[in-house]
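**Q** Pasting a structure below so you can have a look.
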Amino acid sequence: MADPLLETRGLHRFFGGLHAVKDVSVAVPRGAIKAIIGSNGAGKTTLFNLIAGTIRPQGGEVLFAGRPITAWKPHRVAALGIARTFQTTKLFPHMTVLENVVMGRHARARSGFLAGMLSLPRTWRESRLMEAKAREILDDLGLDDLAGQPASDLPFGRQRLVEFARALAMEPQLLLLDEPAAGLNIYETQELSRLILRIRDRGITCLIVEHNMPLVMTISDEVAVLDQGQKVAEGPPRTIQRDPEVIRIYLGDDHA
Amino acid sequence: MILLRRYAVVLVGAVAVVLLQVVLSAWGATYYMTQITMSAYYSLVVIGLCLLMGYAGQVSLGHAGFFAIGGYTSAVLTTFNLIAFRGVPWVDGCRSLGLLVARQDLYGANLLTVSPLLAFLAAILLTSLLAFLIGLPILRLKGHYLAMATLGFGLIVYRLALGTAVLGQADGISNVPPLRIFEGLEVTGRQPFRVQNYYIAWAAVMAAMILGINLVHSRAGRALRSIHQNEEAAHSLGVNTYRYKLSTFVLSAAFAAVGGALLTHYNGSIGPSEITVMKSVRYLAICAVGGMANLGGALLMGILLNFLSLRGVFGTYDDAVFGGILIAVMLLSPQGLLRMPDWREARSFLCRRSHG
Amino acid sequence: MTTRLTMVIGTVLLCFALVLTGCKKQSPQPTPVTKEPIKIGAIFAVTGPASFLGAPEMKTAEMLVQKINKDGGVVGRPLLLIVKDSGAKPENAISFARQLMDEDKVLAIIGPSTSGETMAIKNLCQEGKTILMSCAAAEDIVNPVASYVFKTPQKDSDAARRIFEVLKAKGLLKVGVIVSNAGFGMAGKAQLEKIAPEYGVTIAISEAYDKQATDLTDVLTKLKGKDVQAVINWSIVPAQGLVAKNLKQIRLDVPLFQSHGFGNIKYVQAAGEAANGTIFPCGRLLVADVLPADHPQKAVLTSYKSEYESLYQEDVSTFGGHAYDAILLLAEAIRAAGSADTDKVRDALEGLQGVVGTAGVFNLSPTDHNGLTMEAFEMLTVKDGKFAVYKD
Amino acid sequence: MHYAQIVQYSLSGITVGSIYAIVAIGFNIIYNTTGIINFAQGGFVVFGAMTAISLSRFVPLPVAIVLAVLLTTCLGGLVELVFIRRCRDASILRLIVITIGVSILLQEAMLHIWDEKVRSLAYFTGTAISTVTILGAHFSPQVLWVLGVSAVVVAALAVFFRFTLTGRAMRACADDRMAARLCGVSDRRMVTFSFMLSAGIGALAGCVISPVTQTQYDMGPPLAIKGFTVAVLGGLGNSTAAVVAGLLLGLLEAFTVSQFQVAYKEVVSILVLLLVLVFRPNGLFGGREIGALRAS
């Protein structure tokens, strides 16, 4: 696969004695949906945090569009066009839905500290633009009616959607989804899978960490399997489903 | 409408200020303005602190330090006598440029010192610079560790002021000249200038308020609030959290410096008692009583509580009453005495456990 | 929206109403005498770091004013004392001074307790033409002389001279000086360093310790390292007790000299056995009982001592005496001037001669706004937990 | 420097350090169970000493101290019940503000109960002038008492937290309140208890150091600040580390004095603290991960 959008090469990360991520190399092709599966504590979220810059790797490197971004601070990573959602949704509880999504535009706006203090005309224009864009996205996800509500008042499913909206507001090239289906009911999950596909079709590459097998198998173009911090298998869903190693991990040795 | 709503506090404040002046003048009780003016300068610190703690969510137990750096810088520059250096070319040069001014003190001694206006600017710049240098390392700390670091900073400033001869040691610096902004308008405690200074002080406060309000409602302000509500998320959205914290820290320090310098010129002196931990604590506490992320509340409380203690209303029970108010508010109405529309903010700050 | 506006306005107005009433209540009610009273302001550090000065000063001032009023006041008018607690904060002292001058229109201000506060309001009073009777020791309060500013405590320089005299007599010419970093200490340090050469005494080392110090063995060790022949400690803070103790504890067996700030039996008690043998110059208040009956100060001192101690059930200290003298001098001046006109009283003050106070016999003049000489000091020492006159 | 002098400086450093340490221990107990830094700790110390001093006029010294400790323990419990319990799960900042408020109230109360004058408890052994001599350097026997008591307290705490049920329960609360609650531990009672415990230890500290430091109503905050400094220096929550850090700080200050003006003693020590905070944000002995969790 020629020039992957995101690539990790031999990432390492220890926590105390625990080897959370061990020599993991994965590549995410442009415009694809790639899923990373694995049992709890397999190091999936750690891998995400290593990519997003929340924690620094102790070895290996991360490449985005061929350019090394290893151990960049999250805000720089975000500025490159890498958006993420969190396993437990991390909205700004005391901002309205709209404000939350507007926050997503932050990296795409300029006006700084002083300009804000003096409230120069351009800051006004800019914030109007940010807001317009945010509303657009809310409409697109059918959240427009919630715009004015404080995020903390929303039901869980909605919150997740808002987090999506916030991520999309960044107009990212790559979207990192950490267990997007966790805690969603069956209908919400279906809605979600449709949404993810739609996002992909817009040319936004997605990297998903997910437990929900059916979801993964239906939407993803490629799957990588982590176990105890190591990559044990990689390939299209079909082959992964038949991979004895994977089956052993998921169903125990006797099925192998 | 939005604008009206946004600047309501300032408008109301301005009206109240003028009303008060009229009432007091009519009543022939203009002397109350002395303490109101002083309180106004103190509340400049509180406004800055409110931005730092209420919005950016960073604790500071050292803001008296910045207040003092501002005050002391201005005081030293305007009292340090260069008369001995007369004839030294650069001194005369500065003098001809108007950077230095000659005057006589009450006892007829000739003084040649830096011009107050210049000293004032220097004070603000120096304080901002120091705030930047201090903030650079310590704003990486969180919670109690940040509290300790800022506390430590305050202590260091205190010790330096007490130990250094040029800073007057225990006696501080007196005989600080008035700050003449232009002919006929000067920051001084002299009685004839009372009303004038009342308005100068309030002008400064209102300016600070407007800047603060603008900031809060700007992109930067939103970013600050986001840092405060969920730092990790904010960071992942491209908010350079560290940079924003630092900017706010410097800004609040600058506000403190303005207050310190102006008050020093107004009082004609400054002493180490301005740098005690208790002072820093007072600022922080007033901010909390005002409702943390609530500029209006902070301002009102800043004026009120400082005014009361400057009047010595509670006599020897001053600190006791202060502590009482503090606890009462924290326990009974954590979001401050006056609930402003953004009380959710305040509550979010006061009720969310910052751990984990 | 509107509710918010009204609420804010409401709060503001309400608060200020509250404050104003509060302030009205604040100023004490004049004693029921037909003649309109003479207002005297007082700024003392009743609480805070210098409370051991301010508290006795306030108590003394209130006691004395009551006494004067009982005896029919001055020139037929009662005195009205308005006390403010500055907590030893110059900024508060400034605020209070302006208050007393502008709204209470006081004739004079007694205090403040510390030199820092005094220096902060010296010019204020000078410009505001209000008499200031400082209870702080620092020399530069009355030098340069500001025509409206006086001070009652003895001169630091005189205290220093008394100490050096003894040192010279004992042939202890290499001394270590430690002072508290409060105003009193720093002023004393300056004087000691200035005067030492006159007596051929060399100050091997001089250090300032924190006024709230809880242990001084480290700095004393430093002195020990310079093997000094005597230690002079100049402070008013409780740490003086520590000096005595730590000195003995680290076996720095040289005589300890204290300043006139040692004039409080509490410090002796705090230091316990360690205090014995301490030598210090002091007003005669502490040894009033052992003074010869014909001593000019005997009467004043004993009466003040007995009255204070019976009224407040605590040992008298020289600090209270400073407030006593301030009011005494003022009353004398008013009598001499025959009216409470500021300038007349001021002139009268400068003319006062031979007024016997607790600190000594005051002879004021236009050039000397303190009026005490070295005679005001007696060299005292501590014998088994009690003050006694020092004899060598 | 002459070696006897070095020893002398070390001793005075240890004297001061042991005082810092024993105050810091009180901080850690509360911090461990609640994550609160109790700025009123200094108040407890002074209150304990003051009570003991007043009582020692009527009853023998040991009795006075025991009574004082008991009284202060009750005070600690009271403070928790009245002020802290109402705002559980409050932000660090609110807690800081409240405990500061409490310390102000305590101090003012003490000013008006006792007065502004300085007092001091009788030396436990010997008098103000009796000294112990080591290697040609001298110090007061009381220092040994302070050190001894700190050591005993630390040991006792270690045993208490490791081997007693209550101790374990308190540790559980420290690690994870929710879990502790699920295990049937009444975390409320644990919090109250931790306040009583640290108040008691504070009082004990106050009594032991009183002969050395003397006691005045307003010496609480400075003590608290030093205690806090030391607690942070050692790494919040670790009492043994606190003792070590305390002694280190004391020694540092002592030797600073030997080289610089005494006036700048604290400047140096605080600078060192700041450096430590910058380079080891969780204190000298604090583990990074734990510290990170605690701090954020």
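Throughout, read-outs are computed from the coordinates displayed, never taken from laboratory work. Every value quoted in this text rests on a predicted model; they were computed, and no experiment measured them. Neighbour counts are summed over all protein chains in view; Cβ atoms, including those assigned to glycine, are modelled from backbone coordinates with ideal geometry.
**Q** Which residues does a label at A:D23 reach in the stretch A:209-247, if reach means a backbone N under 16 Å from a point 7 Å past the Cα toward the Cβ?
**A** Answer for this model: A:226-234.
**Q** For D:L78 and A:Q87, what is the calculated FRET efficiency with R₀ set at 35 Å and r taken between the beta-carbons, to the nearest 0.05?
**A** E(calc), rounded to 0.05, equals 0.20.
**Q** How high is the relative contact order of the stretch D:3-293, in percent, with contacts defined as C-alpha pairs under 8 Å that are six or more residues apart?
**A** 37 percent
**Q** Hey, got the dipole for the stretch C:141-220? About the Cα centre, +1 on K and R Cβ, -1 on D and E Cβ, debye to the nearest 20?
**A** Taking the Cα centre of the stretch C:141-220 as origin, the dipole is about 340 debye.
**Q** Principal axis lengths of chain A from Cα atoms, whole Å, largest first?
**A** Extents along the principal axes: 66, 40, 37 Å.
**Q** Now for a separate question. Can you give the charge dipole size of the protein assembly as shown about its Cα centre, rounded to the nearest 20 debye, using +1 on the beta carbon of Lys and Arg and -1 on the beta carbon of Asp and Glu?
**A** Using Cβ point charges on Lys, Arg, Asp and Glu, the protein assembly as shown gives about 1740 debye.
**Q** For chain C, what is the Kirkwood estimate of the hydrodynamic radius, computed as the reciprocal of the mean inverse distance between distinct Cα atoms, to one decimal in Å?
**A** Every distinct Cα pair counted, the radius reaches 21.8 Å.
**Q** Against the longest principal axis of chain C, how steep is helix C:183-195, in degrees 0 to 90 to the nearest 10, with axes from Cα atoms?
**A** So the inclination is approximately 50 degrees.
**Q** Roughly how many nanometres apart are two label points built 7 Å out from the Cα toward the Cβ at A:S39 and D:I113?
**A** 6.0 nm
**Q** Taking Cα atoms, how many degrees apart are the long axis of helix B:295-311 and the longest axis of chain B, rounded to 10 and kept between 0 and 90?
**A** 50 degrees
**Q** Cα convex hull of the stretch A:1-40: how many Å³ per residue?
**A** 79 Å³
**Q** Please give the charge dipole size of chain D, origin at the Cα centre, charges +1 on K and R Cβ atoms and -1 on D and E Cβ atoms. Round to the nearest 20 debye.
**A** Roughly 640 debye for chain D.
**Q** Within chain D, which whole H helices from DSSP have a Cα span along their axis of at least 18 Å and a mean Kyte-Doolittle hydropathy of 1.6 or more, if any?
**A** D:61-79, D:92-113, D:141-163, D:265-279
**Q** Give the share of C-alpha pairs in each 10 angstrom bin for chain D, from 0 to the last occupied bin, in whole percents, shortest bins first.
**A** In whole percents, the pair-distance histogram is 7, 28, 36, 22, 7, 1, 0.
**Q** Now for a separate question. Of C:K122/C:K344; C:K168/C:K226; C:K211/D:K265; C:K189/C:K391; C:K59/C:K266, which pairs sit farther than 22 Å apart, going by alpha carbon to alpha carbon?
**A** Over 22 Å apart, Cα to Cα: C:K189/C:K391.
**Q** Right, another one. Testing the spin-label approximation: label points 7 Å from Cα along Cα→Cβ at C:K35 and A:F15. State their distance in nm.
**A** Result: 8.5 nm between the two label points.
**Q** How long are the semi-axes of the equivalent ellipsoid of chain B, taking √(5λ) for every eigenvalue λ of the Cα gyration tensor, in whole Å from largest down?
**A** 34, 24, 19
**Q** Sticking with this structure for a sec: Please name whichever of D:Q142, D:A254, D:V232 sits farthest to the positive end of the charge dipole of chain D, dipole taken about the Cα centre and charges placed at Cβ: Lys and Arg +1, Asp and Glu -1.
**A** Of the candidates, D:V232 comes out farthest on the positive side.
**Q** For the stretch B:131-201, with the dipole built from +1 on Lys and Arg beta-carbon atoms and -1 on Asp and Glu ones, taken about the Cα centre, which of B:L136, B:P178, B:L167 lies farthest toward the positive end?
**A** With unit charges placed on the Cβ atoms, the residue in question is B:L136.
**Q** Using +1 at the Cβ of each Lys and Arg and -1 at the Cβ of each Asp and Glu in the stretch C:156-282, identify which of C:Q258, C:V166, C:I203 lies farthest towards the dipole's positive end.
**A** The residue sitting most towards the positive pole is C:V166.
**Q** To continue, here is another question. For the stretch C:156-282, calculate the relative contact order in percent as a whole number, restricting contacts to Cα pairs under 8 Å that are 6 or more residues apart.
**A** Contact order relative to length: 26 percent.
**Q** Let me ask something else. Given N residues in the stretch B:30-73, what is its alpha carbon radius of gyration divided by 2.2 N^0.38 Å?
**A** Output field value: 1.36.
**Q** Also, I was wondering about something else. Within 10 Å, at most 16 other Cβ atoms, and a DSSP state outside H, G, I, E, B define an exposed site. Report the longest part of chain A free of exposed trypsin sites (Lys or Arg not before Pro).
**A** Result for the longest clean stretch: A:111-201.
**Q** Now for a different question. Just to check, using Stokes-Einstein with a Kirkwood Rh over alpha carbon pairs, what's the diffusion coefficient of the stretch D:72-215 at 20 °C and 1.002 mPa s in µm²/s?
**A** It diffuses with D of about 120 µm²/s by this estimate.
**Q** If r is the Cβ-Cβ distance from B:A207 to B:A29 and R0 is 25 Å, what FRET efficiency results, to the nearest 0.05?
**A** Working from the Cβ atoms, E equals 0.40.
**Q** May I ask for the longest run of chain D untouched by chymotrypsin sites (Phe, Trp or Tyr not before Pro) that are loop-located per DSSP and have at most 14 neighbouring C-beta atoms (other than their own) within 10 Å?
**A** It works out to D:59-259.
**Q** Another question, if that's okay. Relative to the longest principal Cα axis of chain C, at what angle does helix C:90-102 sit, 0 to 90 degrees, rounded to 10?
**A** Orientation of helix C:90-102: about 40 degrees from the principal axis.
**Q** Give me the percent relative contact order of the stretch D:202-261, please, defined on Cα pairs under 8 angstrom at least 6 residues apart.
**A** 18 percent
**Q** Let me ask you something else. Give me the compactness ratio for the stretch D:4-128, meaning the Cα radius of gyration over 2.2 N^0.38 Å.
**A** It is 1.23.
**Q** First measure r as the distance between the Cβ atoms of B:R5 and A:R202, then evaluate 1/(1 + (r/R0)^6) with R0 = 41 Å and state the FRET efficiency to the nearest 0.05.
**A** After rounding, the FRET efficiency stands at 0.60.
**Q** Stick to the Cα atoms of the stretch B:64-220, pair each with every other, and give me the Kirkwood hydrodynamic radius in Å at one decimal.
**A** 18.2 Å
**Q** Moving on to the next point. Please state, to two decimals, what the Cα-based radius of gyration of the protein assembly as shown comes to when divided by 2.2 N^0.38 Å (N = residues).
**A** 1.02
**Q** Summarise the long-distance tail of P(r) for the stretch B:167-233 by giving the % of C-alpha pairs beyond 13 Å.
**A** Cα-Cα pairs of the stretch B:167-233 separated by over 13 Å account for 75 percent.
**Q** What three numbers, in Å, describe the spread of the alpha carbons of the stretch C:272-359 along their principal axes, ordered from the longest?
**A** 52, 25, 24
**Q** Still on this structure: What is the Cα coordinate range of the stretch A:1-105 on the first, second and third principal axes, sorted by size from largest, in whole angstrom?
**A** 42, 36, 24
**Q** Would you mind computing, in nm to one decimal, how far apart the modelled labels at B:L106 and B:D92 are, each placed 7 Å from Cα along Cα→Cβ?
**A** 3.4 nm
**Q** Restricting to bridges with both residues inside the protein assembly as shown, how much of the DSSP beta-bridge set is antiparallel, in percent to the nearest 5?
**A** Around 45 percent of the beta bridges assigned by DSSP in the protein assembly as shown are antiparallel ones.
**Q** Then there's this: Convex hull over the Cα atoms of the stretch D:130-287, averaged projected area in nm²?
**A** Average projection, Cα convex hull of the stretch D:130-287: 11.8 nm².
**Q** Rounded to whole Å and sorted largest first, what semi-axes of the equivalent ellipsoid does the C-alpha gyration tensor of the stretch C:156-282 yield via the square root of 5 times each eigenvalue?
**A** 19, 16, 14
**Q** Around A:E191, with a cut-off of 12 angstrom between Cβ atoms, what is the net charge of the other residues, counting Lys and Arg +1 and Asp and Glu -1?
**A** Residues near A:E191 contribute +3 overall.
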